[in-house]
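What follows is a single structure, written as structure tokens, with notes after it.
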Amino acid sequence: MNSFDIIKTVRVTEKGTTQSEKWNQYTVVADRRATKTDIKKAVHELFKVKVIRVNTMNVDGKARRKFTRHAGTTPDWKKAIVTLKEGDKINLL
């Protein structure tokens, strides 16, 4: 897998904005098969920043119903919270 396959997107939320301002942490959506070391290397390669720590969690999809009686679910995904070195930041614009 290359870095673009591992890191799918950076999540921008209110909580994520607070984390980036206070603790220099960013939330990324990663491939479900990626390990912490894979995510660390991919973030370093894509954004040219030094990664201190990576915390991951598997998020289950929510139950959804769209214009039908039959229920479905949104896809499961992996969330990674990446802590960067003091002074480094990811430009989200």
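Apart from one condition, residue 41 fits all of (1) in contact with a Ser or Thr (Cβ under 8 Å, 6 or more places away or on another chain); (2) part of a strand (DSSP E or B); the exception is (2).
The number of residues in segment 44-74 being surrounded by fewer than 11 Cβ atoms within 10 Å (Cβ to Cβ) and either modelled with pLDDT of 95 or more or among the charged types (D, E, K, R) (or both) comes to 9. Considering 12, 82, 28, which residue is of a type in the set (Val, Ile, Thr), surrounded by 10 or more Cβ atoms within 10 Å (Cβ to Cβ) and not in a strand (DSSP E or B)? When all the criteria are applied, what remains is 12. Of the residues making up segment 31-43, those that are in contact with a helix residue (DSSP H, G or I) (Cβ under 6 Å, 6 or more places away or on another chain) and either surrounded by fewer than 15 Cβ atoms within 10 Å (Cβ to Cβ) or not hydrophobic (A, V, I, L, M, F, W, C) (or both) number 2.
Could you list, in sequence order, all residues of segment 3-30 that are more than 8 Å from the chain's Cα centre (by Cα) and either of a type in the set (Val, Ile, Thr) or closer than 15 Å to residue 45 by Cα (or both)? I'd like the intermediate steps shown before the answer.
Residues of segment 3-30 more than 8 Å from the chain's Cα centre (by Cα): 3-6, 12-25.
Listed by number, the residues that qualify are 3, 4, 5, 6, 12, 13, 17, 18.
The values are calculated or read from the model by the stated rules, or taken from the named source; none is laboratory data. Small disclaimer: the values here were computed from a predicted structure and weren't measured. Using ideal geometry, Cβ is built from the backbone for each residue, glycine included, and neighbour counts are taken over all protein chains shown.
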